[in-house]
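Reviewing the structure listed below.
Values quoted throughout were computed directly from the atomic coordinates according to the rules given, and no laboratory measurement underlies them. Since the structure is predicted, the reported quantities are computational estimates derived from the model, not experimental observations. Neighbour counts are summed over all protein chains in view; Cβ atoms, including those assigned to glycine, are modelled from backbone coordinates with ideal geometry.
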Amino acid sequence: MDAVVTPVEETISCDDFLQFTKLLNIWRKSDDRVRHELNALLPTASFQTKTDYEKICGNFLTKMITDHQKRNEAIKRCVVTSTRRLDELTQAQEKADSSTKHQLIRAVRKQQLLVCWISIFRM
C-alpha cells in the first residue's frame, strides 16, 4: 500500500481542517486500491509455485491494518485536541467581558463546527 508514511500525526494541526481532510483522503486512497495492489502483489499462473502467498498476504494485511490504525489515531487525537480547545474557549467566554465576548462566541462556534466535522470522520 502506498500510503503516506510520514509522522504526519505530529506535524498536522488539527485546527487546519482542510489539510487534515486532505491527509485522510490520501490515506483512504490506499483502501480504494486494494484490489489493484493485490493483483500486483500476487503473481501470474506461471510463477505460482515460487510464491509464498501466506507471507505476501500477511505483509499486505499488516500494512493495511497499520495504515488504518494510524488514520484512526490521528482522528482520535484531533477530536481530543479540538474538544479540549472548545472547552478552553467556552470557559474563556464565560469569564470574558462584553468587549471580547463577541469574538469568543464566534471562536466557540467555529470550534464546535470543527469538532463536529472531525467527529464525522470517526464513523
Compute the acute angle (0 to 90°) between the alpha-carbon long axis of helix 17-32 and the principal axis of greatest extent of the alpha-carbon atoms of the chain; round to the nearest 10°. 20 degrees
Just to be sure I understand the model, the point goes 7 Å from the Cα along the line to the Cβ. What's the resulting LEU42 to ASN59 distance in nm? 1.7 nm
Could you calculate the contour length gain from PHE17 to VAL80, that is, 0.36 nm times the residue separation minus the distance between their Cα atoms, to one decimal place in nm? 21.2 nm
Over the chain, what is the relative contact order in whole percent, taking alpha-carbon pairs under 8 Å and six or more residues apart? 28 percent
Potential extension, ARG28-GLU88 segment - 0.36 nm per residue separation minus Cα distance: 18.4 nm
Rounding to the nearest 10 and keeping the result within 0 to 90°, find how far the Cα-based axis of helix 53-95 lies from the longest principal axis of the chain. 0 degrees
Structure shown: which of LYS76/LYS110; LYS70/LYS110; LYS55/LYS76; LYS22/LYS63; LYS22/LYS76 lie over 23 Å apart, alpha-carbon to alpha-carbon? LYS70/LYS110; LYS55/LYS76
Among ARG35, ARG28, ARG109, which comes first, then next, by fewest other beta-carbon atoms within 10 Å? ARG35, ARG109, ARG28
